[in-house]
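Note sheet for the following structure.
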Amino acid sequence: MVVPLVVGIDGSAASLEAVEWAADEAVRHEVPLHLVHAAVTDHETPDLVAVASERAGKSAPTVRLSSEVVHEDAASALVGEGRNAFALVLGSRGLGDLAGLLLGSVSLAVAAHADCPVVVVRGGLEHRNGRLGSVVVGVEDGQGSGTAVDFALREAHVRRCRLVAVHAWSIPVGNPGPPGFSGYALQAMGRPPAQVLADALCSPAERYQDVPVSSEVVEGPARRALLEAASGADLLVVGARRRHGHVGLQLGLVNHAVLHHAPCPIAVVPQV
């Protein structure tokens, strides 16, 4: 059985935007779309589900659609659904969130605890309609980005667009290094930034040879580099490491920043 793409709905404008994005995404990947609404009572629930279903059908008439109402808090319900999902898709804010919030509490909680990729649909229509022609993935040193790179390449493949892999680096605070060394030379004394990118892309790119890939090495904060790269992207992808001895993911400061400020949909992909 093909696992579905799951989208959380609550009747908010942001969740309906997420439904539209998810419907298109389900068609791209040829998977079913499953709408989930977490409700305390049954009041007006049928209308809410009907509106979301109609929105999905208009966006992607060929999508295989199902829906479900669960009586549980939204974050717990969606995390549970994510244990058997292709991915979870959420709006950036819900009905219960305070005005002015950049990211809703449910979206943040689900992104921090789900076992599958979580996409928070952000940005204006130009970033949500998949016409800008690029997917951006953040690559960090070590093993934390492998699953994110795979996910990003697959997204670029089904969208028939290019992948931009971004690695940001900076000199550690309190380590000025030998006199006369440039910042890049200091970094290269460990593992050269360009090598970090090459190593991360080597194996996954062989499986998606049709995807044009460009690499960007940026000196400076990772959050700034990713947000700048995402300004012209259809999707931003970041990885998240498992926390040893704890339930959930280590989102870290960079992931928190891009979840709150990304100008386009952002996918948080757990490390496998």
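Taken together, the values in this text are just the output of simple stated rules run on the coordinates, not laboratory data. Treat the numbers as computed from the prediction; the structure is a model and nothing was measured. Cβ: placed from backbone, ideal geometry, glycine included. Neighbour counts: every protein chain shown.
The Cα center of segment 255-272 and the Cα center of segment 1-40 differ in position by 18 Å. Counting charges near R159 (Lys, Arg +1; Asp, Glu -1) among other residues having Cβ under 12 Å from its Cβ returns a value of 0. Per-residue 3J(HN,Hα) values for segment 200-209, derived from phi via the Karplus relation 6.51 cos²θ - 1.76 cosθ + 1.60 with θ = phi - 60°, read 5, 8, 4, 5, x, 5, 5, 7, 10, 6 Hz in sequence order (x marks Gly and Pro). Relative to the current alpha-carbon distance between S170 and A13, full extension at 0.36 nm per residue lengthens the span by 52.6 nm.
Each of E68 and R162 was given a label point 7 Å from its Cα along the Cα-to-Cβ line. The distance between the two points is 4.1 nm. Note on segment 1-40: Cα-only Rg and Dmax are 10.6, 33 Å.
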